[in-house]
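The values are calculated or read from the model by the stated rules, or taken from the named source; none is laboratory data. Just so it is clear, the structure is predicted and the values come from calculations on it, not from any experiment. Note: ideal-geometry Cβ built from the backbone for every residue, glycine included; neighbour counts use all protein chains shown. The accessibility values were calculated without ligands, DNA or RNA, using every heavy atom of the protein model including side chains. Shrake-Rupley method; radii C 1.70, N 1.55, O 1.52, S 1.80 Å.
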Amino acid sequence: MELTAVAGVRLKATTPPTTPPTKVTAPRSTYDAQGSEDPVGGFGKLVRKDDQAPTGDKAVDAAHDNAKLVHDFYAEVLGRDSIDGKGMEMKSVVHYGDQYNNAYWDGEKMTYGDGDGELLGPLSGSLDVVGHEMTHGVTEHTAGLNYEGQSGALNESWSDVFGELIEQWSDNRAGFGTVDAAKAADWLIGEDVFTPKIKGDALRSMRAPGTAYDTKEWGKDDQPAHMKDYYKGSQDNYGVHINSGIPNKAAYEIGVKLGSEKLAKVWYDALTTSLGPDSDFSDAAAATIASAAKLYGAGEVPNAVADAWKGVGVVPATTAPKPAPAGTPSRSHQHGEAGDGIVPPWLATPGTFSK
Ligand SMILES: [Zn+2]
């Protein structure tokens, strides 16, 4: 890939970023909706705050502890202080609704259902789900990717990527960044809570999109892993949880080639400095190639990023995407509308979806 082909983007090689000695702790509050979809005050009962001891309620403690892990990943690996970069309080609501099979970010808080015990268990129990939701908040405060079509699929994909990377970092902090650790990782989303009675499956697979699950009750995963299988229909906000398989696969290939730390830094730089509300896959390819060259210099890293996008059939844009204007967060996962959570509509509300 000829880097100068990416016009209008900065390609100046600088020294690789160092991890800033950030020690920030944003406030954390976890609430119990007590089974309601309309909890008191919008949140329910405050049950755990900041560094208070565990409550003994598994869903509460998982939401609270996982929010801290996501916070620490962003602070220690990427130098970001919470969701908005300014120490925003991390609010979580658990036990939302009756057997509610989803989790979502609404601009203010993370909300988690308990699941019905068949399709899903309590969703805060999966660190990659919590990382996925909080990353929607980071995206809202940075690129502001609109939640439909290709920008929406990028929004979904960036949440899957950071959900997975946070889990990898938490599982093996010393090894995070090595190619061996990346190769040993599962690259699955939601495996800890998806179909608790069926082993080995997940909501999505980044290594092999389209293979995450195959069930009698809910059908078979058919996410595309390449542009040749791109979904062109209007369901699922024009395929936000479907076509996200394409950038997910590109990210996976980069992770196992360069290690997950480089993937994290390049993806984060593109999200926070280059991508904007209307960015499409071609913009994402150009932005990540440019971020790779900016952070690591010409050669191995940007070449691996370019190869990964080529491998999924995405051609980098030749003009730089327009970054989000400051202070205008876009909509993502707002208000828990059907299909706006981590669980796609054909699983969360069966019978409402046909491709
Ligand atoms: Zn999502």
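Structure notes:
- Cα long-axis angle, helix 149-171 against the chain (0 to 90 degrees, to the nearest 10): 80 degrees
- Cα-based helix-to-principal-axis angle, 58-78 vs the chain, degrees rounded to 10: 20 degrees
- Per residue accessible area in Å² of the chain, where ligands, DNA and RNA are left out and the probe is 1.4 Å: 39 Å²
- Each principal axis of the Cα cloud of the chain was taken in turn, and the coordinate range along them, longest first, works out to 56, 46, 39 Å.
- When the residues Glu167, Glu300 are ordered by accessible surface, computed with a 1.4 Å probe over the protein chains alone, the sequence from largest down reads Glu300, Glu167.
- Net charge dipole, the chain: roughly 1040 debye, given to the nearest 20, about the Cα centre with Cβ charges of +1 for Lys and Arg and -1 for Asp and Glu.
- Within the accessible surface of the range 102-224, defined with a 1.4 Å probe on protein heavy atoms only, the carbon and sulfur portion equals 46 percent.
- Cβ-based net charge around Ile254, under 15 Å, with every Lys or Arg adding one and every Asp or Glu removing one: 0
- A dipole drawn for the chain from +1 and -1 charges on Cβ atoms has a positive end, and of Gly175, Ser205, Gly233 the residue lying farthest that way is Gly175.
- Taking amide H atoms as placed 1.01 Å from N in the peptide plane, the amide H of Val47 lies under 5 Å from those of Thr30, Tyr31, Asp32, each 5 or more residues away in sequence or on another chain.
- Per-residue ³J(HN,Hα) for the range 194-208, Karplus 6.51 cos²θ - 1.76 cosθ + 1.60, θ = phi - 60°, Hz, x for Gly and Pro: 7, 5, x, 8, 10, 7, x, 9, 7, 5, 8, 10, 7, 5, 9
- Bridgeable lysines around Lys45 (alpha carbons under 19 Å apart, same-chain partners fewer than 8 residues away excluded): Lys58, Lys91, Lys109.
- For Arg173, solvent-accessible area (1.4 Å; no DNA, RNA or ligand), Å²: 110 Å²
- Of Phe73, Phe43, the order by accessible heavy-atom surface (1.4 Å probe, DNA, RNA and ligands excluded), from most exposed downward, is Phe43, Phe73.
- Axis of helix 300-311 versus longest Cα principal axis of the chain: the two differ by about 70°, to the nearest ten degrees.
- P(r) of the range 110-243 over all Cα-Cα pairs, binned every 10 Å from zero, in whole percent: 12, 38, 40, 10, 0
- Unit charges on C-beta of K, R, D, E only; dipole of the range 28-143, Debye: 320 debye
- For the set Lys86/Lys262; Lys220/Lys262; Lys294/Lys322; Lys232/Lys265; Lys232/Lys257, the pairs lying more than 22 angstrom apart at their alpha carbons are Lys86/Lys262; Lys220/Lys262; Lys232/Lys265; Lys232/Lys257.
- The range 28-143: Rg to Rh, with Rh as the Kirkwood radius over Cα pairs: 0.95
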